[in-house]
1. Would you kindly find the accessible area of residue 153, with a 1.4 Å probe and non-protein molecules such as ligands, DNA and RNA excluded, rounding to the nearest 10 Å²?
2. Points 7 angstrom from Cα along the Cβ direction at residue 43 and residue 110: gap in nanometres?
3. At a Förster distance of 51 Å, what's the computed FRET efficiency of residue 52 paired with residue 224, Cβ-Cβ distance as r, to 0.05?
4. Run down the lysines and flag those whose C-alpha is under 17 Å from the C-alpha of residue 332, throwing out any fewer than 8 positions away in its chain.
5. If you average the alpha carbon positions of segment 318-333 and of segment 261-307, how far apart do those two centres end up, in angstrom?
6. On a 1.4 Å probe surface of the protein chains, which of 162, 332, 114, 244 comes out largest in accessible area, and what is the full order?
7. Probe 1.4 Å, all protein chains in place: accessible area of residue 65 in Å², nearest 10?
8. Using heavy-atom solvent-accessible surface (probe 1.4 Å) with all chains present, what is the largest-first order of 31, 157?
Amino acid sequence: MYFSASQALSPQATGQSAAHLLAQSSTTHSSAVFLVEFGAIILGLGLLGRFAGRFRLSPIPLYLLAGLAFGEGGLLPLGTSEEFVAIGAEIGVILLLLMLGLEYTATDLVSNLKTQYPAGLVDAALNAVPGAAMALLLGWGPVAAVVLAGVTWISSSGVIAKVLGDLGRLGNRETPVVLSILVLEDLSMAVYLPIVTALLAGVGLAAGSATLAIALGTAGVVLLVAVRYGRHISRFVSSDDPEKLLLVVLGVTLVVAGLAQQLQVSAAVGAFLVGIALSGEVAEGAHSLLAPLRDLFAAVFFVFFGLHTDPASIPPVLLPALVLAVFTALTKIATGYWAARRADISAKGRWRAGGTLVARGEFSIVIAGLAVTAGIEPSLGPLATAYVLILVIAGPLTARWTEPVALWITGRLRRPAMPGPGEGGMPPSASAGADEALDERSAADRA
């Protein structure tokens, strides 16, 4: 007993005890700093979201600016919580694509492919080519060109859906055209993301072709199974207990996303395919349960992207980003106008469809984030950040003002050739009124 006490009080034992207490104290301090940092991030995001909601703006640009402020070269760089934020960002991307898949059924996707694929091809040609051309002009190489093509191609489904609701256009005749283009863009991600993943990984032609074949085969099998056996899958996942439903859907999604990433197909594509496979009441229940989680981790994802972008790197690429934003805003307007005209929508509806499609957002950042992680071109991330900031702010404005501005300009151009009062013909105001009445009747019929 005396020996044990002496040993406990020996200098060696005392030193070990002190080291243990010091390590424990350091761990406690790190945990406290992490909680304070991460709590401050979540609180700040909540306040920014409320501020954006008050002015009916998308919170995405504010989240990106917050990441810039607290990232490398920002006002107050974070340290302790960055690793957890990185994991949260990955979950955010997975939930974004899962929720997107829940919005559509396999039947809807197949129908849109059959009827709207020309609009999807025009959309890709008009909006992906400018991004690729800009990357090549800047000397970034072919891989960066493929990445920037995706950044400029894909519109923001989340921002556009919110804008349509805020402007009360969900029942308009042109809205199905807009949604069809968004569906085709989202579906194309199942092919595009595996290609980008393979290119960024630097795999050879044979391995890249195998990866693409696996992705296309997986997507085809999932669509086939979802069409024929979707009800059985949904019945298996279904549960009257919200807690069990949430755990099963989230668990299946993460497992499939992990397996997809292991096969170099992309975790996001795996999550998207899980969402497509679920339908009916299960999809609706999972959507309502996962929406808060999606909003939380998606916000963390945008912050994480900003954290890895040095604010000092944005001014050198601001001019190319602005030029690209203006040019691709016009090409998106042209895309929507052409697609709506093809569907026999009135002139006012054509301009509304074009202006609505301008916003870029979450998926442009997802694509750019893959390139930033791979480190292929240091300036690509800052350019993508500036580009998205410009168009996510401009998108709601173009959705609101493209139609009246375009009609005013076309009216001014046509005025000399229009017959005057008493010379016959329909005045421009009457023609506009007829178009508006047609849109209102169509909206009422849809309602």
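1. We get 40 Å² for residue 153.
2. 5.3
3. Details: r = 41 Å, r/R0 = 0.80.
Efficiency, rounded to the nearest 0.05: 0.80.
4. Cα-Cα hits under 17 Å: 348.
5. Between the Cα centres of segment 318-333 and segment 261-307 lies a distance of 29 Å.
6. Working: 162 85, 332 0, 114 150, 244 115 Å².
Solvent-accessible surface, decreasing: 114, 244, 162, 332.
7. The value for residue 65 is about 90 Å².
8. On the way: 31 55, 157 15 Å².
So, going from the largest accessible area down, we get 31, 157.
The values are calculated or read from the model by the stated rules, or taken from the named source; none is laboratory data. Model, not experiment: these values are computed from the prediction. Please note: Cβ atoms are built from the backbone with ideal geometry, for glycine as well, and neighbour counts cover all protein chains shown. In case anyone asks, the SASA skips ligands and DNA or RNA and just uses the protein heavy atoms, side chains included. Shrake-Rupley method; radii C 1.70, N 1.55, O 1.52, S 1.80 Å.
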